[in-house]
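Participant: One structure coming up, written as structure tokens, with questions to follow.
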Amino acid sequence: MLILAKATLAMMLGFGLSIIAGLIIIPLLRKYKIGQNVSHTVGERHIAKQGTPTMGGLIFIIPTILAILFLYLKGSIVFSHNLLVLVMVFISYAILGGVDDYLKLKKKNNDGLSISTKFILQMVIALVFFYIFMKNGGEPTLAISFLHLEIPMGWAYGLFILFMLVGSSNAVNITDGLDGLAGGLSAIAFIAFGIIAWNTTWMEGYQEVGVFSFCLVGSLLGFLVFNTHPAKVFMGDLGALSLGGALATIAIITRHEISLALIGGIFVAETLSSLIQIIAIRKFHRKVFLRAPLHHHFEVLGWLETDIVKMFWTIGLLLAMAAITYGVWL
């Protein structure tokens, strides 16, 4: 019951702070004309979203950090090295995404950081994470819990961490194309990882990682008040990269890397649809999907934006429940 009470408090705190943040930040974004540039290639439905305030990730990033600091100063949590590295990755990816958003706004198009620059900076963050992870007793092994199997990977585990952090952050970014889609799926994912984290009692700071997850869930729910259709604000790369980086970090430190692919199944499908489409067009000069990523395919089929989001949320919830069963019980 104490765990349930802590989770509830963390969510309430995150939600309340994010509502306040939204009421302050959105008018400021409008005032300084920090608006989304919408590409004409995504369809006529999205043209109306031109100029909608972006960089709204601040609405859940700032409240989450403030909630964690409040709970720390109150003596409700302690800063373990696992919580510190999680917050470090969360903020680092937010800064990287923020720079990308700023450059897009400055150029008045969707050309932010170059792909190579963004990848190098993501790799630097991943390497710092890997160093801290190994220095604090991390083991370079891949665990498959239901088979009671641990696969030693040695130095290759560093590449695996890089793949997870870069892949997860970009996957959330690719999915962020419909009102409320990435935010809702992320909230579901962090609920699942919050429950999983609280079950990893062997891990230092497991409760604090769980508290962070539920604070972020509450903040995301507050953000969705402003982001669901019709969206009053978009999270931007600032929000999407930070969420993806945090998801991968929790998966790694809780040793539930495999669970990430299941919990983030929609993120994986969205990324694969984009990759398949690119390969099909470049190599075979034909399309597999009407438009990529996957949510745009359903839009071209004539689905309403809200119906696509609800379907993806439902599938994401089912996958998260399956992952919780795998990660906690099996």
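Participant: When you look at L165, is it in a strand (DSSP E or B) and of a type outside the set (D, E, K, R), yes or no?
Facilitator: Criteria not met by L165.
Participant: Same structure again: Please find, among A231, A240, A246, the residue that is among the small types (G, A, S), modelled with pLDDT of 95 or more, surrounded by 16 or more Cβ atoms within 10 Å (Cβ to Cβ) and outside any helix (DSSP H, G or I).
Facilitator: A231
Participant: Considering only residues that are closer than 30 Å to W202 by Cβ and either surrounded by fewer than 20 Cβ atoms within 10 Å (Cβ to Cβ) or touching a Phe, Trp or Tyr at 6+ places or on another chain (Cβ under 6 Å) (or both), which ones fall in region 267-281?
Facilitator: V268
Participant: Let me ask something else about it. Out of everything in region 44-85 that is among the hydroxyl-bearing types (S, T, Y) and under 15 Å from G177 (Cα atoms), what residue ends up being nearest to the chain's Cα centre (by Cα)?
Facilitator: For region 44-85, the residue satisfying everything is T54.
Participant: For the condition in contact (Cβ under 8 Å) with a residue 12 or more places away in the chain and either in contact with a helix residue (DSSP H, G or I) (Cβ under 7 Å, 6 or more places away or on another chain) or β-branched (V, I, T) (or both), what is the one hit in G51, G16, G35, G22?
Facilitator: That would be G22, the only listed residue that is in contact (Cβ under 8 Å) with a residue 12 or more places away in the chain and either in contact with a helix residue (DSSP H, G or I) (Cβ under 7 Å, 6 or more places away or on another chain) or β-branched (V, I, T) (or both).
Participant: Among what's in region 203-228 and is out of contact with any Leu (no Cβ under 8 Å at 6 or more places or on another chain) and not in a helix (DSSP H, G or I), pick the residue that is modelled with the highest pLDDT.
Facilitator: Applying the filter and picking the extreme gives T228.
Participant: Starting from region 72-88, take each residue that is loosely packed, with under 13 Cβ neighbours inside 10 Å and list its partners that are basic (K, R) and modelled with pLDDT under 90, counting only C-beta distances under 6 angstrom and pairs at least six apart or across chains.
Facilitator: Correct list of pairs: empty, since none qualify.
The values are calculated or read from the model by the stated rules, or taken from the named source; none is laboratory data. From a predicted model like this one, the values you see are computed outputs, not experimental measurements. Quick reminder, even Gly has a Cβ in these numbers, built from the backbone with ideal geometry, and neighbours come from all protein chains shown.
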